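Asker: Structure provided below as structure tokens; questions to follow.
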Amino acid sequence: MKNAAPFLLMFCMCMSLFSQESSSPYETEFWKDGSWIAGSTALNVLGVITIQNKDNLTDNDLENLNGKDIWGINRGAVGNYSLEADELSYVPFYASFASPLLFLLGEDERKNFGQISVMFVETMATTGAIFTITAGTVQKSRPLVYNEDLSAEERKDSDAQRSFFAGHTAATAAATFFSAKVFQDFNPNSPAVPYVWAGAVAVPAYVGYLRTKAGKHFLTDNLIGFGIGAACGILVPEIHKIGNEKLDIYPTSQTNVMGTGIDTKGIALNYTF
């Protein structure tokens, strides 16, 4: 996920993709969707900067860590560490980003591939914004930090202090659920719909399993990442469906909210009655 910002910025240059055919169940608007992509990309950049500025654990912090303090549901992952599982998790992770290319096989989807691409960028940018800002502001040690066989330097490193939440799982779920949602909207009567959704669930679940085995995340980190990614993958296309113009989602940033001195950055969901 830390390399998502350059990927998204590259896609932002392709704004000519907003054209659509009458066969599409969706509607996109240049300025509205362009602002969405620009705003969420800016939040990604801000989140990445926040992650880069995280502090390492101190020696005292490391000494005070106790696996028994971890929630029972997560305790089985304490001390996990596997380079093999870490490397393997990147295979379905990156493969999921290519899933929208399968829409080139369908006639209606192919005619509207530019529009689908714009929605996919919005989905991934929104997921990335939520992840990077959260990972940059929440201090939570990965399971591998509790593994005393690793060097103190590796356990104290700032990268090892962003277990919450699972970015790989979130991004994979966003991509697969987006693809399943769009496939169903274009082909509501297809007998393949249940199988497509089954695949959409299985791939990020496998990524989550590998990330836990690798010692990168606890179970709850993966469950939350899965939920956030799935929600973005479904909601973004749903918001663009013709007839759903009252539903809107957009990146937001506020300074000194209601005079409290609190600054907020995130994603807002709005429905106009």
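Asker: Taking loop as defined by DSSP and a crowding limit of 16 other beta carbons within 10 Å, which chymotrypsin sites (Phe, Trp or Tyr not before Pro) in the stretch 64-150 fit?
Answerer: Numbers: sites: TRP71, TYR81, TYR90, PHE93, TYR94, PHE97, PHE103, PHE113, PHE120, PHE131, TYR146; in loops: TRP71, TYR81.
Those satisfying the criteria are TRP71.
Asker: Within the stretch 198-222, whose backbone N sits under 20 Å from a point 7 Å along Cα→Cβ of SER82?
Answerer: 202-222
Asker: Taking the full set of protein chains and a 1.4 angstrom probe, give the accessible area of VAL203 in square angstrom, rounded to the nearest 10.
Answerer: Roughly 50 Å² of VAL203 is accessible to a 1.4 Å probe.
Asker: Round to a whole angstrom and tell me the spacing of the C-alpha centers of the stretch 166-236 and the stretch 114-143.
Answerer: Their Cα centres are 13 Å away from one another.
Asker: Can you list the HN-Hα couplings for the stretch 83-100, worked out from phi with the Karplus curve (6.51, -1.76, 1.60; θ = phi - 60°), rounded to whole Hz and with x for Gly and Pro?
Answerer: In residue order, the calculated couplings are 5, 5, 5, 4, 5, 5, 5, 6, 5, x, 4, 6, 4, 5, 5, 8, 4, x Hz.
The values are calculated or read from the model by the stated rules, or taken from the named source; none is laboratory data. Not measured: the values here are computed from a predicted model. Here Cβ is always computed from backbone atoms with ideal geometry, including for glycine, and neighbour counts include all displayed protein chains. Surface areas here come from the heavy atoms of the whole protein model, side chains and all, with no ligands, DNA or RNA. Shrake-Rupley method; radii C 1.70, N 1.55, O 1.52, S 1.80 Å.
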